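Remarks on the structure that follows.
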Amino acid sequence: MADLTTKLGTIQLKNPVITASGTFGYGTEHLDFMDLSRIGGIIVKGTTLRERQGNPYPRMAETPSGMLNAVGLQNKGVDYFVKHIYPNIKDYDTSIFVNVSGSTVEEYVKVAEIINDLEQIPGIELNISCPNVKEGGMAFGVSCPLATEVVKAVRKVYKKELMVKLSPNVTDIAEIARAIEGEGADSLSLINTLLGMAVDVKSRKPVLSTITGGLSGPAVNPVALRMVWQVANAVKIPVVGLGGIMNATDAVEFLLVGASAVQVGTANFIDPAISVKIVEGIDKYLNDNGFNSVSEIVGGMIV
Amino acid sequence: MKKFILDFTVVENVRLNYQYVLLKLTHNKKLPPILPGQFAQVRVDGSPETFLRRPISINFVDSERNELWLLIQVVGAGTRWMSELKPGKLLNLILPLGNTFTVPDNKNARIALIGGGVGVAPMLMYGEWLHRNGFKCNFMIGARSKIDLLQLNEFNKYGEVFTTTEDGTYGEKGFITQHSRFNTPNFDYIYTCGPTPMMKAVARYAQENDIFCEASLENVMGCGIGTCLCCVTDTTEGNLTVCAEGPIFNVTKLKWQI
Ligand SMILES: Cc1cc2nc3c(=O)[nH]c(=O)nc-3n(C[C@H](O)[C@H](O)[C@H](O)COP(=O)(O)OP(=O)(O)OC[C@H]3O[C@@H](n4cnc5c(N)ncnc54)[C@H](O)[C@@H]3O)c2cc1C
Ligand SMILES: Cc1cc2nc3c(=O)[nH]c(=O)nc-3n(C[C@H](O)[C@H](O)[C@H](O)COP(=O)(O)O)c2cc1C
Ligand code: FES
């Protein structure tokens, strides 16, 4: 067996496979299907300061090789997480990250402060794809000044691994990545969902209650891979790649373009045990190709 | 309840009419415990059009033969693919998913299971369960036309069957909620599954007559196991997942406009 460990800024993961926020619940829902200690990490659902009901149904539409979602960050709020969810998941033998979301800079900061006190949470993933209420709903992650403002503010209060999740809905992702690196982020993850939409031609209505939604699944894979490659070349901090990863081959592609770890999202819906299979598949790839460790293939694409 | 990802083998594919097939499946080990009203997430072929799994109710479990039945209405690419499966083919299912019906508190309860279209699917398994446990039930089944009435001989084994067709080709003419059985309040427990307008009419009748009523909802699903929060319905307790906290809800809890 190859050395599967990988370093993410301040921490080490047992292997490079993490489950993506919003696609794996709190891990608990997958206990019947797999051994959580086999994966590198879990990023739990987007967590906000107060409880959110999310968007009205319908919130999902299947599209060619993927899906659109407009869940709208439904969650019970950070206090509920601390009291009722954290105690149940804190002893899982894997690295647990909280995906932190908000509508104002102050909200992000408060949630990050609260999570900072949780001993068994080694890091957060800052979801800057959320709409900023003060800026008329424009996402923090699509503007350099807004993105740097929120990362700078959270960095001040959050002392552990700060992973920032980038939105792909921008013209120059490398520029935003560099700006966020400059504010002290420990690592970057990308991509969040790509903005898309679907129309029901029978009723002539949009399929989603919110008209537009986020595209995920194999449909976004080549776009995600390109962006991860661009960002990995633009920054020195570790990059976590995701977007349409369905199997170990897809995951290895992301490692080769420079990702130190990967996240598996929508694929969990099709096979709730897929993340473990991807760990096994990466190990097999390393062995079959004469590599002793994951780090040997990170950025190993031959151009 | 423990959930499983299992490969099933198609034993028989029975074409019921132009739109419906009954898939009889078996598994090489003893089937896990499954409750009436639960469903499975069925893996299709993973082509671009059928990327996600499809939620399908458990129609019936034949423990003696170790068989599980799925009643499929062909509406799109995924259900068409299922309807064309030949005996011997494998089908991958995640099951059992979702909750079950609330069983009446006494054996003398007057029970109606009201189904329309493919909504009859979970009613067969529940009806068999009620029958086996000493309850008496009435199946109220509505369809467009005689040819759309499904599994009547099966339902007849477990209770009394009442039918309506919209064109009057079988049973009473009209919608099932207009059946003469409803003219006087006859029931203590009502369970319903089918098109939303039908379920709303049933819920209205139940609420007007102060009858316990549960409805089984069909919302589009991503995961089927309660993680993605795509399938929610608005309730008095906020947005709840149809896949994990449902699909069966007491109608008084639902915030749908009836
Ligand atoms: C809990 C539950 C139990 C069900 N039980 C049965 C059953 O026993 N027999 C049966 O024939 N059908 C059942 N359905 C409906 C069945 O899931 C859909 O008809 C099926 O997903 C359609 O897929 P398709 O590819 O043929 O159609 P398409 O229209 O091409 O599907 C497109 C997308 O919409 C989704 N979708 C379309 N219609 C529905 C629907 N009515 N409900 C949920 N998702 C839908 C599909 O899953 C897919 O993601 C059930 C649905 C739910 C939620
Ligand atoms: C139903 C659903 C819910 C999601 N919720 C979140 C969320 O709360 N926070 C977040 O940062 N990303 C969320 N995402 C985005 C995923 O984490 C991931 O970035 C995206 O789906 C792309 O990866 P994939 O193609 O492997 O799914 C969600 C995605 C889906 C499909
Ligand atoms: S389908 Fe994912 S939560 Fe119900």
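The values are calculated or read from the model by the stated rules, or taken from the named source; none is laboratory data. Please read these numbers as outputs of a predicted model, since none were measured by experiment. For neighbour counting, all protein chains shown are included, and Cβ atoms are generated from backbone atoms with ideal geometry for every residue, glycine included. These area figures cover heavy atoms from the full protein model, side chains too; ligands, DNA and RNA do not enter into them. Shrake-Rupley method; radii C 1.70, N 1.55, O 1.52, S 1.80 Å.
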Please note which strands (runs of 3 or more DSSP E) are completely contained in segment A:3-100 and include at least 1 residues that are more than 16 Å from ligand 1 (Cβ to nearest atom) and buried (at least 20 other Cβ atoms within 10 Å of the Cβ).
A:6-8, A:11-13, A:17-19, A:41-47, A:95-100
Please pick out the residue among B:THR235, B:THR164 that is away from ligand 3 (no atom under 16 Å from the Cβ) and either free of Cβ contacts under 8 Å to residues at least 12 places away in the same chain or of a type in the set (S, T, N, Q) (or both).
B:THR164
Condition (residue is assigned to a strand (DSSP E or B), within 14 Å of another protein chain (Cβ to nearest Cβ), open to solvent by 20 Å² or more (accessible area, probe 1.4 Å) and among the charged types (D, E, K, R)) applied to segment B:61-76: is it met by at least one residue?
no
Does segment B:26-42 contain at least one residue that is under 20 Å from the mean Cα position of the chain (by Cα), among the polar types (S, T, N, Q), open to solvent by less than 20 Å² (accessible area, probe 1.4 Å) and away from ligand 2 (no atom under 16 Å from the Cβ)?
yes
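Residue-wise test of (1) more than 30 Å from B:ALA77 (Cα to Cα); (2) away from every other protein chain (no Cβ under 14 Å).
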| residue | (1), (2) |
| --- | --- |
| A:ALA2 | yes, yes |
| A:THR5 | yes, yes |
| A:LEU13 | yes, yes |
| A:THR19 | no, no |
| A:SER37 | yes, yes |
| A:ALA61 | no, no |
| A:GLN74 | yes, no |
| A:ASP91 | yes, yes |
| A:PHE97 | yes, yes |
Six or more apart or on different chains, Cβ atoms under 6 Å: show the pairs whose first residue is in segment B:216-232 and closer than 16 Å to B:LYS253 by Cα and whose second is among the β-branched types (Val, Ile, Thr) and within 7 Å of ligand 1 (Cβ to nearest atom).
B:LEU217/B:VAL242
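Please return the ranges of helices (runs of 4 or more DSSP H) entirely within segment A:237-303 where 2 or more residues are open to solvent by 20 Å² or more (accessible area, probe 1.4 Å).
On the way: elements: A:248-256, A:267-270, A:274-288.
Per the criteria, A:248-256, A:274-288.
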